[in-house]
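What follows is a set of notes on a single structure, which appears directly below.
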Amino acid sequence: MRFSFIVNPVSRSGLKVFREFSKILEEHGYQYEYFITERRGHARELVREIKGNVVLVAGGDGTLNEVVNGVIENNIDILIAPIFGGTGCDVARSLNVKRNPKERVLEILKGEIKEVHPVLLKTSEGFRYFVGVSDVGFGAEVAYRFNGLRRFGRFGYAIGVLNTLYELKPIFVEMEVGEINYKGYTILIAFANSPYFGGGMKISPNSNITGDTRVIVVEYVPKWKFVYYFPRVYSGKHINLREVKEFEAEKLKVLTEGIPVECEGEFAGYTPAHYEVRRDITIKFL
């Protein structure tokens, strides 16, 4: 194996985990190259310079998303190895990878590949691919506010949630979920290629990153009820609530205009939004 690192120094633990993992690789006799991101979108460009066949991503879901897009756009045959180096790391969590650096390196060296089909997302900002979760509405508002609070980590995300909750209002949405037409007042719509988002919230417990995709719709509820039931999202038990609808679908069109969209922790534009699982593309993860 030939190793490359893409390191986001701004993420919560990017530099720290890079130092830990690089030291362990050296102890196993492996050499490596590394690239440091300098701005948003830079990881997407750096992928073209990689000489290794395994790239370890020392950053959060946003950095990993850039790497995935760079790999797809440049048709690069490479294995992607996420490590817990950011605030959320929900893709790593969904892939069920080891958190401990020594155990994670051994897991990577074992070489068991997980194949994932990405989702193509089109919004007012253009298009991008993702492998985890994107949502329309509440989560996107939180992500937008969190951009200015990232230095506070999970505490900053909690502040974003509270600020968004204070202004919570029902959003009337018209959309096509697969072959189903849906109209109604909602708080959040999630296109979930994997179970987790928002730093460990199990928004779609029946999704599987290597297979089953779901669309989760959280219909409008009063603020007090939202606060009361909110903790259930961490265990996935919210899925049994009457106001939560689950659809098996690989396509989604949100037709209503002007609603914010979030993709793997990053603000991704506004609706109308079009989602589609791309079964013709395969991303290989370790």
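Worth a mention:
- Set Ser207, Ser235: member being in contact (Cβ under 8 Å) with a residue 12 or more places away in the chain and under 22 Å from Glu176 (Cβ atoms): Ser207
- Within region 100-115, residues that are within 10 Å of Ile24 (Cβ to Cβ) have Cβ atoms under 7 Å from residues that are part of a helix (DSSP H, G or I) in these pairs: Pro101/Val17; Pro101/Glu20; Pro101/Phe21; Pro101/Ile24; Lys102/Ile24; Val105/Phe21; Val105/Ile24; Val105/Leu25, counting only partners at least 6 apart in sequence or on another chain.
- For region 184-286, the strands (runs of 3 or more DSSP E) that sit wholly inside it and include 1 or more residues that are outside the structural domain of Asn74 (by TED's automatic domain parsing), among the charged types (D, E, K, R) and crowded, with 19+ Cβ neighbours inside 10 Å are 214-219, 260-263, 266-270.
- Positions within region 42-69 being over 20 Å from Leu15 (Cβ atoms) and crowded, with 24+ Cβ neighbours inside 10 Å, in sequence order: Val68
- The one condition in (1) assigned to a helix (DSSP H, G or I); (2) touching a Phe, Trp or Tyr at 6+ places or on another chain (Cβ under 8 Å); (3) farther than 27 Å from Gly198 by Cβ that Phe21 fails to fulfil: (3)
- Within region 4-13, the presence of at least one residue that is assigned to a strand (DSSP E or B) and either over 18 Å from the mean Cα position of the chain (by Cα) or within 14 Å of Leu286 (Cβ to Cβ) (or both) is confirmed.
- Of the candidates Tyr34, Tyr30, the single residue that is in a strand (DSSP E or B) and either closer than 22 Å to Glu103 by Cβ or not assigned by TED's automatic domain parsing to the domain that holds Leu106 (or both) is Tyr34.
- For region 168-196, filtered to residues that are touching a Ser or Thr at 6+ places or on another chain (Cβ under 7 Å) and β-branched (Val, Ile, Thr), the residue that is farthest from Val142 (Cα to Cα) is Val173.
- Of all the listed residues (Glu66, Glu33, Glu49), the sole one being free of Cβ contacts under 8 Å to residues at least 24 places away in the same chain and not small (Gly, Ala, Ser) is Glu49.
The values are calculated or read from the model by the stated rules, or taken from the named source; none is laboratory data. Source: prediction; values computed, not measured. Don't worry about glycine lacking a Cβ; one is built from the backbone with ideal geometry, like all the others, and counts go over all protein chains shown.
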